Structure formats: C-alpha cells, structure tokens
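The values are calculated or read from the model by the stated rules, or taken from the named source; none is laboratory data. Note that this is a predicted model, so its numbers are computed, not measured. Glycine also receives a Cβ, built like all others from the backbone with ideal geometry; neighbour counts cover every protein chain displayed.
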Amino acid sequence: MDDREVIQTLRGQISNLFALFTLSMMFFDRVEDDEILALAVSAVPAFGSFGAEAYLDRRDLPQNGTPPPELKAQLNALAGTDGGVRVPGATWAWAYPLHAVGGHAGYLVITALATPTTDELFLVQTLAQLAGAALSSAATYRSEVAMSAELRERNTQLAALNLELTAVVDDLGRRTRLHESFMNVVASGGAAPEIAIALHEVTGLAVVIEDKFGNVLGSAGGERPMPRRRMSAHDRTELLNRVQRHRRPMRHGDRVLALAQPRNEVLGVLVLIDPERRAGQFEIFALEDAGVVLAMELAHQRSLAEAELRLRRDLVDDLLTGADDESALARSAALNHDLRLPHQVVVVSWPGTDDTEKIIQAVDQATTRITQARALLTRRGGNVVLVAPAREHDDTAHDWGELHRLLSAALPARAGAIGVGRLYRRPSELPRSYAEALRGLAVRRRSADHIGVTTFEQLGFYRILGTEESHREMVEFIREWLGPLIDYDTRHRYDLVNTLWQYYECGGNYDATAHALLIHRSTLRYRLRRIRELTGHDLGVADTRLNLHIATRAWQILNGAT
C-alpha cells in the first residue's frame, strides 16, 4: 500500500471516528429510548453495507418489524454477551449488547451480505457501546427528572403541611389565650358583662348575653343594643330547643346563638351580632368557649343563691321555733342581715296559686321593695313566712297593706290574707311574733272579709282567742247578744250593729256618735230605741253595756272592720 492509499485510509478512519463523535453527542442529547434506538439503527449503514435491528432488554421492541422467534431464542441464549446469530437472508449476523450499568439494555443486531472488515466491526461495536451508554444515561436522566419532580411534589406537600401545622399551632395558641382570658375574667370575679367584653375583644363582633327569658345580663361592642321586639315565651322556648338539638352555635337571622347550659338546663344565651356574616370557625369556637365559661359562672351563681336561700330558710326556721340571741345574730351577720334591729314576723297565705316558688319570689321582691332590704323567708304549713326589720329611722312597722297590694298585682289570684306579729328587739322573742302573726291570719281568714291584712295590734281583746273552739264560742256570744240586730240589718239593709258599736266607742256620747256616723241626733235616738226594742236590753246597765261592747267589737273584727 503506497502512501496515497495509507493517507486515504487514514482519512476514512478519521471521518468514521468523527462521525462516531458526532453520533455520541446526538445520542446523549436524546432522553427517550425510542429516539436513541432509531438513531443507532439509522447510523449503522453509514459504516458499511449493513442492516440493523434493535431490541430493548428482551422486550421485543424492534425498530424494523417483529423478530422471528428463533432470533429471540438466540438473543436470550446470549445472556448479555455478544455473539453471532442466524438471521434469514443474511450471510453474516452479529448481536451486540447495549451495555448499561448493572447489565445490558438490549441488543443491536447487525446483518451483512459479506463478512465485515475489522475496522467495520470496530465501528459498529463502538456504535453499540455508545447506544448502550446513551440508553443508560437517558434512563438515569429520566429517573433524576422523576425523582426531582417527586422531590418538588414532596417539598410542595411538606410546605403545605408546614403551613397547616403552623396554622394549627397558631390557632391552638389563639384558643389557649382565648380560654385563659375567659378564665381570668371568671377568676377575677367577672360575670356576664365582663365575659361579653372579653368575647367582643377576641371576635370584634358585638355581643349580648341574655338569661333564658331574654333579659340582658351584659353586652359589649358598639353602642348599647337597641331593644328588640320581645319574643313570646312559646317562640323563645322553641328557639332555644332548636339550638339545643343543634348542639353547636346556630345562626338565627343576623345573630349567632350559643347556650350556657350545664347539663341540660339552659341558664343563659350568648349572642354574636353578625349581620355581615363575618363569624368563622375561630369566632364560633370563641362563642362556644365563652358559653362554657358563662355556664360555669351562672351555675356557680345559682349554687351560691341556693345555698344562701337554704341558709336563710334554716335561720328563719330556727328563729320561729326559738334561737338564742348570740347564735342568731352571728348567723344573720354571715348572711349580711342585721338582726339587731327590731323585727317582726309576717305570714302570707295566698290560695288559688299552685306555684309556691312564684309566691315566694313575689313576696321576696315586694318585701325588698318595701323594706329596702332582703327579707328572711321560709315556707311553713302552706304559708310563706318572713322575718322583716322595722323602719330604720324610727323602729316602727312598715305598711304591710302595701305588701298585699303588690302581691295582688303580681299574682294571678287575689284571695290572699296576711297576718302580722308585733315588733321585737331580740331574736329570741320572734316565736312570739310568729304566734301573733298566725293569730292575726286566722282571724282574717275567719272574718267576713277574709282578704287583706290583720296585725296583732288590731285584734284588741280578740288576742286572747285563737283556737277554733274559742272562735266558735265567740261567734255564739255575738249571736247571743247581737242576733236580733244582725238579722234586722240583713233584712232591712240597716246599720244598727255598727251604730251600737260606735255609740260605745264614743263612751255613750250622743254628739260624738252622731258626728262619727254622719247622722242627726234624732236619727241616733231612733236607732238606739230600736236596738233596745229588738234586744230587750237596757244599754246603760254596766254588765249589759260590757257584753254588748265586747260583742260589737268582735263583730267588727270578724267582719273585717278596723
């Protein structure tokens, strides 16, 4: 071979090597297996009179048709090594493995009509190696892309989770601070108004707290809430029942309602005024938490009130049966009641009203209004008994007729009677006042006008009569001495009994009697003459005069006159 041929050969080899270099760059620019295999198959004829087929990892992915079964069996037998194979129509055929990391990716099968030269074999073998490396690189690239995408997705999920956790932690912190603020309100002695202020501060919404009847206990936010049209008792009960069944705060128009209910009894209602519907999950939670705190506070207040009521009733019971002064004074001072003032016992009987608690409440409110102080109350024998102080400025009794008027206005039935005992300075003397009040009540109940107030001072000589037997005897005594006069007055609508009573009250003085009765002296003389005729008694005889005077006074008491 001369120099020219050598140079020509070298030029051909350099050209082929340059082609391989160019192919390598093209191989590694591709990331899909199909593209790499197509490039490899199309490049094989550039290095000689070759044909080519490519197969990936025994998965039968031919670039130019489906391989015959015998070829597939031969490739499987090679087990990742190169070697000759038999291909129909080809004089020479060789399978080159497409080597990859950890094995091979498949085979590049080269066919020719004649045995290739050594240089040609080197070129196609190198081409197969480049294709295998490109397949491995593409697989690595795709894996890294997938891993990168998965990592980005995981990072996105982690960031979202971190945001959620941050929001949860922040929300938990807000809820913890919220609960602490409510508990601080209660611990500092705050009640419904302070709870309303705390709830308004954390929600930014106007707040109203009501009792179960709809009376406002406290409010906060904006101006003082305008009075709403009061719901009927039936409608409000239905609304509260709906909220109870809902078991969570419930919207009602422009208001969001939550109940303060220890166990199943509603003690109060918390209301968020939210016409713009701004209340979200946190505001609802704040409303629920405030409801729990308010329920605790209202239950505590009720417990204290019930305990105080029991202590008051126990004290009254002991005062009525007899308690030593020192013990009574100490116990009353603990209840913020001063028993060192003169006190008296008042017994209230109010038939026609079955709700005893309603009577007690009405008596308590009316007595507080009259005396400007809480009375000591209890129930005894179907009656309400109260121990009430005297007027502070002069130690005199209050006007208990005002108590009867207030109770008549507050209670449905108006058939009430009140007995009043005298004032006593020492607590140990109150059993006597109680007995006197019972005496006055009994006389009032037996009189013709059994509705009203009877004080022990009004009984006069009737104080010595208190039993049922003595009452019957007194009625018989009145009938014995005044029977004809009573019958005459009833038949003729006259006033002889009252005339006789006024005559004796005026000491037998004609002028004073006529003036008191607003009649003329001659009319008085006529009436006294008729009295003598009907009774057959001489009105001037001392014993007769005494008996008639007692009978007329008893008649006045039994008929409700004063």
Are any of the residues in the stretch 435-446 assigned to a loop (DSSP other than H, G, I, E, B), surrounded by fewer than 18 Cβ atoms within 10 Å (Cβ to Cβ) and not hydroxyl-bearing (Ser, Thr, Tyr)?
no
Pick from 271, 293, 316: which is within 22 Å of residue 172 (Cβ to Cβ) and buried (at least 21 other Cβ atoms within 10 Å of the Cβ)?
293
Residue that is nearest to residue 479 (Cα to Cα), among those in the stretch 529-544 that are touching a helix residue (DSSP H, G or I) at 6+ places or on another chain (Cβ under 7 Å) and surrounded by 13 or more Cβ atoms within 10 Å (Cβ to Cβ)
535
Report the residue count in the stretch 307-330 for those that are more than 30 Å from residue 445 (Cβ to Cβ), of a type outside the set (Asp, Glu) and at pLDDT below 85.
2
Got a sec? Which of 311, 335, 377, 304 is in contact (Cβ under 8 Å) with a residue 60 or more places away in the chain and either surrounded by 14 or more Cβ atoms within 10 Å (Cβ to Cβ) or of a type in the set (A, V, I, L, M, F, W, C) (or both)?
377
Under 38 Å from the mean Cα position of the chain (by Cα) and closer than 19 Å to residue 428 by Cβ - does that describe any residue in the stretch 336-356?
yes
Assuming residue 104 fulfils every condition listed in (1) over 19 Å from residue 24 (Cβ atoms); (2) at pLDDT below 75 apart from one, which condition is it?
(1)
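Would you say residue 213 is closer than 19 Å to residue 302 by Cβ and either among the acidic types (Asp, Glu) or at pLDDT below 85 (or both)?
In short, yes.
Can you name every residue in the stretch 59-101 that is among the charged types (D, E, K, R) and either touching a helix residue (DSSP H, G or I) at 6+ places or on another chain (Cβ under 6 Å) or modelled with pLDDT under 75 (or both)?
Within the stretch 59-101, the first condition is being among the charged types (D, E, K, R), and the residues that meet it are 59-60, 70, 72, 82, 86.
Passing the criteria: 59, 60.
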